[in-house]
Amino acid sequence: MRSEPLPVWQPPATFGEYRLLQPLGRGAMGEVYLAHDTVLDRLVAVKFIAGVAPDEVQRERFRTEARAIARVQHPNVVGIHRVGEVKDRPYLVSEFLRGDSLDRLARPVPWTRVLEIGIGLAKGLAAAHRQGVLHRDLKPANALLTEDGQVKLLDFGVAKLLDVAMAPVGPARLPEGPGAVPGEGAATVDVPAVEDARRTATVDVPRLEAAHCPHGDAAWRLPSPTGRPDTDHPANEPRAADLAIAGASQGTVSTDRSGADSSMRSVGLAQRTATSTPLPPERLIGPADLLSTGRIGTPLYMAPEVWRGEPATVRSDLFSLGVLLYELCGGPTPGPLAEAPRRPRTFEPLDVAVPGVDAAFAAILSRCLAHDPFARFESADALREALESIASRGAPPVIAPPRPRWLRVTRVLALPGLAVVILLGGDWWGDRSRRMDAEQALASAAPLLKEGRTLGARIEALRTEAFTAFDTDRSAEAEAAWAQALELGAKQARRYEDASTILEAARTRVGRGTNPALDQRVAEVLLQRILVAERDREAGVQTTLTQHLEELDTRAETSRKLTAPVRMELDSDPPGAVIQVESFQSQPGGPPRWSEPRAFDKTPMTSGLTLDPGSHRLTFTLPGRPPVRYPVLLTRGETFQAKVPIPERVPDGYVYVPPGRFLYGSGDDETIRRTVVRTRPLHRLTTGAFLIARHEVTYADWLTWLRELPASERAARRPRGTNYFGTIELRPATDGTWTFHLDHEGVTYQAREGEPLRYQDRALRAEQDWRRFPVSGISWEDARAYTAWLDDTGRLPHARLCSEREWERAARGADGRDYPHGPVLAPDDANFDATYGRKPRAFGPDAVGSHPASDSPFGVADLSGNVWEWLVTDTNGTPAYGGGSFYQDALTARALNHGDGEPRTRFPFIGMRVCASVP
């Protein structure tokens, strides 16, 4: 009898503080979504158990995976934020990663780069081992190389948490016959002995129809900015480890083969036999809590003892890591032999197989790949130290031959005389040794610093090329140049970090203050690393390095360069304007805000005014003319020059924006920029002078225009918009008046002209004059017709829609902030989905100007939330919109978030604002 298929389970769009944005992929154990953490305002990856109606065994395995990762907190291990269940489905929330798995690297990888990767992986493994966690499936597909060059261990899906000692397991009875050995990714499951000294267990597992092994769970590896699909390893193929565990959960265990349930075989079950014998104490490897039973993993990377069915240990993880590094360098990797599974695998010395590889590095890998676990490193920390010793010296060690016995005797006899020399000569030898150590470190760091400077020049050229292409809508060309700039930027950061490591290690040996040249170079390299982190918008790295520099540079001889003052040369047209300055400053326990204004002299001002680098707002005030605000982001050590025009008058309800520079685009993580906000990287642009309305166009404004139109056109321009939210429209009455109508999820609001609209489920702004709502349900063509009417009638000469750059400058000022008033949008700062608690009957527009807390640096209101505003693209003059709305979240309301529109589209939450050119 064929059972009906279960309905496909779908996760809720929102749960807790998480809002799902889009699926990222699906694998055998889970499906992964990109989500927004609305509390901490960050993107995360959420993984649910895949399939429908998962049983408790699957759910427990999911929890095991989560606990394994959660117990390991380290920069080289994927970080987990939360574990929970929603609608009876477990989920895991982890950091949102970008990059490519190591199996996508072009091979051979230079051995020096593999050395860096090996150090990172060894650090991550050491952290896991200290927490009692074995990886057991370490391979290139289960390690991620991020865009900044950091390597992270992924997919602890087969890790076992061994909080209590488990009985060791003896060799498994291996399958017989050619082809009986599982292919790459296939696995067997062993049963630990408990009572008898030797017992045989039969584990029924589903028969695998093919031996193909996908390299890891593609769904768990988040996409790289290239966005290329993993065609070699489809996301919906099951991993071998998943198949092995699933088989164990579905099979039966019996100590008597004759009692096996024959009906199980009829549905496609194959039997595997394992024998378990306790190992003698002297053969236990490592602490008891790091022994794990069961042959789970990928055969090509599996340690020989695990392949034989013995317990997995710390040293078996190191064998897998050795195979991984050996393979990356281009070495041939022999797999386990089906016909002789106990025969040692023979790895040719890497420096022989791949000419040019450092002999010391090859020797370390040979030790990792030793057939006997006792011949390998005893821990991941020991392996890390060995790898770091190569990285720190930059060359293989010179091993001196043993001295002859007569020389050793002579040396002993000479010791008394040497003691006298030391006493008479003081610390001459020590000073000379320290000087030579410092000079050697400076010489070793010099080529790295030279390469870093060369890369810096190339990076700046690529960034300029990319920004030029972005600003002329040549997106493919722009993204290619930008990706190359980022790749070289990560490489440059690694070179400077390598130089820092060499120099600071020497400084520790020599002693602080002993060698001024070394001390100065350490500080200079740290400063350069800070500037690189600032350029690449690595705020956390920048903060950490700055603190480190301050600790080392106690006299601030180098660190003061970070706060070098800015010389201001200011003038106005006409001259004689008084200048006031406000600084955008951090506040204890809250977001930054503008300082109290400080008055300075009149223009022209060519000397005497210096400001700290950072975000400031200048206000020019001239008697008889409107004040002009001028936000500016100042760069350390620059001389800033500006001559600001002050208009004779500004129309009522409008703000004058003078010519100036500003930051445009997204400073987000690359994955967020390309997949979520989908805009160009943050960079400096300029605009000319223009006017922008302080408020959005209201229904009252729109009705004034409608009443001047012929009846036929009046009907065509009537605001009306319907979509998934519902409907907002103006309905005409027979007496020439209009009625505002809003319908959402069965809730209907109506109010005639002169009547207030009363919202339900609102504690604030429950009753409002709808005529002061921003008009919505209008098309881009309607908006352009309205501005043409303003221009033609002389109500506002040169009226038009705002360009994207003008609108963004008016919203963000000069410093690239997320929202018009700063980095955070609190619920009552603007009208967005959280303002009234996301209650269905509380959604709707507010009267313009109702949220002054989010006024922009120029004093423009409601540029985040309320309704989207129609814009014009700068290059093609096509429809766009920006600003978010009352029905969407804070992430959507960011000022950098724009969308492309259609000329005739009408939505219930897209309206407009007017701009005008300045003659």
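Please treat every number below as a calculation from the coordinates, not as lab data. Note that the structure is a prediction, hence the values are computed from the model and not measured. FYI the Cβ positions are ideal-geometry reconstructions off the backbone, even for glycines, and counts take in every protein chain you see.
Scoring 500-512, 576-588, 743-755 by mean Cβ neighbours within 10 Å over their residues and listing the highest first yields 500-512, 576-588, 743-755. Using the Karplus relation 6.51 cos²θ - 1.76 cosθ + 1.60 with θ = phi - 60°, the per-residue 3J(HN,Hα) values for segment 687-697 come to 10, x, 6, 7, 9, 9, 5, 5, 10, 5, 5 Hz, with x marking Gly and Pro. Rounded to the nearest 20, the size of the Cβ-charge dipole of segment 564-649 about its Cα centre is 160 debye, with Lys and Arg at +1 and Asp and Glu at -1. Take each peptide in 595-603, 73-81, 817-825, count the other Cβ atoms within 10 Å of every residue, and average; sorted highest first, the result is 817-825, 73-81, 595-603. When the GluC sites (Glu not before Pro) in segment 300-381 are filtered for DSSP coil states and for at most 13 other beta-carbon atoms within 10 Å of their beta-carbon, the remaining sites are 339. Per-residue packing, averaged as other Cβ atoms within 10 Å, sorts the ranges 110-122, 541-553 into the order 110-122, 541-553, beginning with the highest.
Legend: ranking of residues 912, 568 from fewest to most surrounding C-beta atoms inside 10 Å; resulting order 568, 912.
Less than 5 angstrom separates the built amide H of residue 666 from those of 680, 682, all sequence-distant by 5 or more or on a different chain. Under a 5 Å amide H cut-off, with hydrogens placed 1.01 Å from N, residue 739 pairs with 731, 733 among residues at least 5 apart or on other chains.
Exposure proxy for 856, 379: other Cβ atoms within 10 Å of each Cβ, ordered fewest to most, give 379, 856. The phi-based Karplus calculation (6.51 cos²θ - 1.76 cosθ + 1.60; θ = phi - 60°) puts the 3J(HN,Hα) values of segment 558-568 at 9, 5, 5, 5, 5, 10, 4, x, 9, 8, 9 Hz, whole numbers, x for Gly and Pro. Taking the charge dipole of segment 564-649 about its Cα centre, with +1 at Lys and Arg Cβ atoms and -1 at Asp and Glu Cβ atoms, the residue from 570, 585, 640 reaching farthest to the positive side is 585. For segment 664-728, the gyration tensor built on C-alpha atoms gives an oblate shape. Its axis ratio a/c (a ≥ b ≥ c) is at least 1.5, and a/b is not larger than b/c. For residue 385, the shell of other residues with beta-carbons less than 12 Å away shows a net charge of -1, using +1 for Lys and Arg and -1 for Asp and Glu. Under 12 Å from the Cβ of residue 114, count the other residues' Cβ atoms, weight Lys and Arg +1, Asp and Glu -1, and hand me the total. So the surrounding residues net to -1. In terms of other Cβ atoms within 10 Å, 514, 793 run from fewest to most in the order 793, 514.
In sequence order, segment 576-584 has phi-based couplings of x, 7, 7, 10, 10, 10, 10, 10, 8 Hz under the Karplus curve 6.51 cos²θ - 1.76 cosθ + 1.60, θ = phi - 60°, and Gly or Pro positions carry x. Annotation: for a label point projected 7 angstrom from Cα along Cα→Cβ of residue 537, residues of segment 822-851 with backbone N closer than 19 Å are 822-825. The local environment of residue 873, defined by Cβ-Cβ distances under 11 Å, has a net charge of -3 under the rule Lys, Arg +1 and Asp, Glu -1.
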